[in-house]
Amino acid sequence: MIQEAKDKNGKWKQIEELTIEKMGKFYYKILPKEYIYTKVPRYRGTYATSFRIKLQVDDDKWIYSNEYQGMIQPWMIR
């Protein structure tokens, strides 16, 4: 999972990188009408923007969460 934020032009930008956690990669099968509950970092800063979560499903397939509002430091949006 990766968090993304909108830049001042309204384009989505990654603010995190994919990593292999200390415990290794985990794979979950999510069936219809099922969900996963997880946590992501909450950033603080001076720039109000929209965020979303990008979740890798397959090697080349991603799904996206609904948008949510938050604050971030402007330098974090590259």
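The values are calculated or read from the model by the stated rules, or taken from the named source; none is laboratory data. The shown structure was predicted, so the numbers you read here are calculated from the model rather than taken from an experiment. Quick reminder, even Gly has a Cβ in these numbers, built from the backbone with ideal geometry, and neighbours come from all protein chains shown.
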Can you list residue pairs whose Cβ atoms sit under 8 Å apart, with the first residue in region 8-29 being basic (Lys, Arg) and the second being modelled with pLDDT of 60 or more? Count only pairs 6 or more apart in sequence or on different chains.
LYS13/GLU4; LYS13/ALA5; LYS13/LYS6; LYS13/ASP7; LYS13/ILE77; LYS13/ARG78
Filtered residues of region 55-77 (kept if of a type in the set (D, E, K, R) and under 13 Å from the mean Cα position of the chain (by Cα))
GLU67
For residues that are of a type in the set (Val, Ile, Thr) and under 17 Å from GLN73 (Cβ atoms), scanning just region 34-59, find the one that is surrounded by the most Cβ atoms within 10 Å (Cβ to Cβ).
THR49
